[in-house]
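The structure appears right after this line, and notes come after that.
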Amino acid sequence: MNKDEQHMNVNGKDAQLQQYRKQNTGPNNPMTDENGAKVSNDQKTLRAGKRGPLLMQDFHFYKKQSHFSRERIPEKVVHARGFGAYGDFELYESMKEYTVAKFLQEPNKKTPVFVRFSNFIGSKGSKDTAVDIRGFAVKFYTEEGNYDSLALQFPVFILADAMKFADVTHAAKPNPKTDIPQATVAHDNFWDYVVNNPESAHMIMWLMSMRGRPRSWRMMEGYPINTFRFINEAGKSTFVRFAWKPKLGVHSLLLDEANLIGGVDPDFHRRDLIEAIENGFYPEYELGVQLIDVEDEFKYDFDILDDTKLWPEEEIPLKIIGKLTLNRLVDNNFAEEEQSAFNPANLVPGIEFTNDPVLQGRSFAYRDTELHRHHSANYEDLPVNRPLTEATNNYRDSYLKYPIDTDSVHYHNNSLAGNSPAEISPEQGGYENYPEKVEGHVTREHPSDSFQDYYSQARAFYNSLSMPEKQDLIESFSYHIGSVKDKELRQKNVEMLANVDKEMATMIAENIGVEPPTNSHVEIDKSYPSLSQLNSPHSAMTQKVAVLIGNGFNGEEVQNVLQAFKENGVLFEKIGETLKTVTCSKGNELEIDKSFLTVHPVLYDAIYVVGGNSEKQLMFDQHISDFIKMHYMHMKPIGVAAGGEQYLLNTEENNLDGVIVASENPDFTNQFIAAIAQKRFWDRT
């Protein structure tokens, strides 16, 4: 494929969307009603006399208000709060050996995509930073039609059978009597579900870990969780699971940070994605596949169709095959993000279902919920959902049908239209299902007994965590189960968690006021280094630093540090007592981006304490002290400019780990950049 063809392929979706873009503002755009009639007054209603009642004949008011009253559509039952962006997927390595999917054939081939990140529990108006299951949905606009890949930030799911979709959602959502709490599982119903549905134990470990609180969508993995098949040209099947790996690594918020940010800036993750793309720091994720030969289906000590089990990368290597880059924001959030719809049954030739019980149910549930939301079978005609290939079929009508089908024949088989639209053979690109042999009695049994091994992989996950991650996990469990009012229910959860690790459960019991467990954990010694976030890539790139600054600062030092930030891709905001410019000791001025009144310490990954003079010195110093205390408590990097040491509280109890001081330190800038990349200083006291 030459460069011109590549350009056309990658920009094909953008070109398609262009015909739907509309600009309402501008000197040549007079206001009109929906019927096209120009409007002379859009500010006052028509009434009978200056003090009289409104008139029913004011059709302009009626049209305007009735349209406004219908601006919203039902939000998604789950994953209601989300945000999306466009980009492209570039293939590194041909997968022709395993699949005929055309977008996976040629190295360097690019395919346009739309990606939607979302939260599972909360309503559309909740917060981004809730402890939650997050969606990572990717729509590939391939030359063979749309392929939808629907992932979560964990490689495992909370249930093993689709029959429980409604139950776990009901349990996680706000109490139906009070409609609280919002966007959290820190309540009785959820933990009652967990303890009575023990297959949830593994995913609960992931949810309560740091991975339940990503620092950014740009630093979050994505796992479609289900087991699929690749089908190659010879008809050979290979089991496959997919994984998205962020180039910036996997990094998280502390529980206290996540709770605070949810109040200070509920749009934290959305704002982060917008700022990154607008500043040219395009989020990147590499796509990996794990492959299992059909002959090896029963080789492992877990069932490969069980979505409550992960495929350990140490046992089933992850093969990196391509890169996803997000580089363009939506033009209209409602038209594109809110109306976007994903469906795991949107497949292309070469990718096929397995008998994964959750996947089988997902293939029905996603389309069904969108039919309800949009009140129409035509939702896939919406611009964001339209494939690049032309859809030709015998589907007709329904609400808001706008393509004008001119055919008099709309059925199959037919002779009046030459039996068109015509079926396409698999050899010509038609989708063909894998001819898997199916036999057996009708049953509601699990596919295998290993589906009922609830704790082995949960323990392996715990074994894989570093000590700071284990301590964080215990704190998170204690916070959430500690919010349960029913003491007996708290006790039951502790006893269930003892199956994973008795010491962990005992510490949780102490924290939440119940008896220590009497049972013990399963005898599993396995651990997987790939599951610890501390083994993830670390970089200073796009970390956000607050520069706390007043008048009289050392201009040369500050300019050198800020230049180093720019060279290393570190984002920063200069924060002062007011938005007035500040002046260095030599008279040069520096623009201030934010004032202490409009920001909060929790919104930054690190601080650079410059200090200086202010008209309200006591208040200025207090603000800096507040920033230092919170960043020190959250184990974040702190850089202190020469002359700023007065703000540090040196005691015998504080080891100042991760605090980099510029005074008499010629390597301050490099050390501070390295500290920003490290992100947390777990040994800090």
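The values are calculated or read from the model by the stated rules, or taken from the named source; none is laboratory data. Just so it is clear, the model here is predicted, and its values are computed rather than measured. Using ideal geometry, Cβ is built from the backbone for each residue, glycine included, and neighbour counts are taken over all protein chains shown. For the accessible areas, the whole protein counts, side chains as well, though only heavy atoms, and no ligand, DNA or RNA atoms are used. Shrake-Rupley method; radii C 1.70, N 1.55, O 1.52, S 1.80 Å.
General remarks:
- Residue in the stretch 269-290 that is open to solvent by 10 Å² or more (accessible area, probe 1.4 Å), of a type in the set (S, T, Y) and outside any helix (DSSP H, G or I) present: yes
- Taken over the stretch 81-105, the residue count meeting the criterion of being surrounded by fewer than 17 Cβ atoms within 10 Å (Cβ to Cβ) and either in contact with a Cys (Cβ under 9 Å, 6 or more places away or on another chain) or among the β-branched types (V, I, T) (or both) is 0.
- Residues being assigned to a loop (DSSP other than H, G, I, E, B), open to solvent by 50 Å² or more (accessible area, probe 1.4 Å) and either touching a Gly at 6+ places or on another chain (Cβ under 9 Å) or closer than 27 Å to T111 by Cα (or both) - total across the stretch 376-421: 6
- Subset of the stretch 5-57 (residues that are basic (K, R) and open to solvent by 90 Å² or more (accessible area, probe 1.4 Å)): K22, K38, K44, R47, K50, R51
- Selection from the stretch 565-591 of residues that are within 30 Å of the chain's Cα centre (by Cα) and aliphatic (A, V, I, L, M): V570, L571, I575
- Restricting the stretch 106-129 to residues that are open to solvent by less than 40 Å² (accessible area, probe 1.4 Å) and closer than 19 Å to I351 by Cβ, the residue that is nearest to the chain's Cα centre (by Cα): V115
- Taking the listed residues P266, P312, P317, the one that is open to solvent by 20 Å² or more (accessible area, probe 1.4 Å), in a loop (DSSP other than H, G, I, E, B) and under 25 Å from V358 (Cβ atoms) is P317, with no other qualifying.
- Counted residues, the stretch 291-301 - those being touching a residue at least 24 places away in the same chain (Cβ under 8 Å), of a type outside the set (D, E, K, R) and open to solvent by 10 Å² or more (accessible area, probe 1.4 Å): 2
- Criterion violated by K236 - all others in (1) open to solvent by less than 10 Å² (accessible area, probe 1.4 Å); (2) out of contact with any Ser or Thr (no Cβ under 8 Å at 6 or more places or on another chain); (3) basic (K, R) satisfied: (1)
- Some residue of the stretch 294-302 being within 22 Å of the chain's Cα centre (by Cα), charged (D, E, K, R) and outside any loop (DSSP other than H, G, I, E, B): no
- Restricting attention to the stretch 424-479, the residues that are over 18 Å from I304 (Cβ atoms), surrounded by fewer than 18 Cβ atoms within 10 Å (Cβ to Cβ) and among the hydrophobic types (A, V, I, L, M, F, W, C) add up to 3.
- For the stretch 516-533, the set of residues classified as surrounded by fewer than 17 Cβ atoms within 10 Å (Cβ to Cβ) and either among the charged types (D, E, K, R) or assigned to a helix (DSSP H, G or I) (or both) consists of E523, D525, K526, P529, S530, listed by residue number.
- Positions within the stretch 591-604 being of a type outside the set (V, I, T) and either open to solvent by 20 Å² or more (accessible area, probe 1.4 Å) or at pLDDT below 95 (or both), in sequence order: E591, D593, K594, L597, H600, L603
- Criterion applied to K566, K574 was being more than 30 Å from K487 (Cα to Cα), open to solvent by less than 40 Å² (accessible area, probe 1.4 Å) and outside any loop (DSSP other than H, G, I, E, B), and the one residue passing it is K574.
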